[in-house]
């Protein structure tokens, strides 16, 4: 159950970055699945397709999102930046400006290296 929820959250996260690359039908089915938490049968009734077609559409959409992330890594980069900024903020709140500066410098270096690699 927890694993299913994590998969849905992960797909919704990837969709935020790459959803525009999916077909309208894939976006709709994925949204109903991840955001509305509808069952395959409920999605089928909502969209007007079979449960099997819903299953196949979800599979294709998930594969496409994962393929794009593997190629571009935008979501992973966002997570790294978000985590680093949170670490820096925590260090500042604890009065550890040295640690905050280290984290921010590392993030800046990572950003420059990734931008130069593009």
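Compute the helix-to-body angle for 24-34: its Cα long axis versus the longest principal axis of the chain, expressed 0 to 90° and rounded to tens.
70
Rounded to the nearest 10 degrees, what's the angle between the helix 74-93 long axis and the longest principal axis of the chain, both from Cα atoms, 0 to 90?
Compared with the principal axis, the helix lies near 40 degrees.
For the stretch 75-117, list log₁₀ I(q)/I(0) at each q in 0.18, 0.33, 0.34 Å⁻¹, using the Debye formula over Cα point scatterers of equal strength and ignoring solvent, two decimals each.
Results for the stretch 75-117 at q = 0.18, 0.33, 0.34 Å⁻¹ read -0.49, -1.07, -1.10.
How big is the gap, in Å, between the Cα center of the stretch 4-19 and the Cα center of the stretch 84-111?
Cα centroid of the stretch 4-19 versus Cα centroid of the stretch 84-111: 28 Å apart.
Give me the three principal axis extents of the chain from the C-alpha atoms, as integers in angstrom, largest value leading.
Result for the chain: principal-axis Cα extents of 58, 32, 19 Å.
Quick one: helix 2-18 against the long Cα principal axis of the chain, what's the angle to the nearest 10°, folded into 0 to 90?
The angle comes out at about 80 degrees.
Using Cβ contacts closer than 10 Å as the measure, can you line up 54, 47 from fewest to most?
In increasing order of surrounding Cβ atoms, one gets 47, 54.
Using Cα-Cα distances under 8 Å and only pairs 6 or more residues apart, what relative contact order does the stretch 65-118 have, in percent?
25
Suppose a student asked you for the relative contact order of the chain, using Cα pairs under 8 Å spaced at least 6 residues apart; what percent would you report?
It rounds to 20 percent for the chain.
Readers should treat all values here as calculations from the given coordinates under stated rules, not as data from a laboratory. Since the model is a prediction, treat every value here as computed from it, not as a measurement. Cβ: placed from backbone, ideal geometry, glycine included. Neighbour counts: every protein chain shown.
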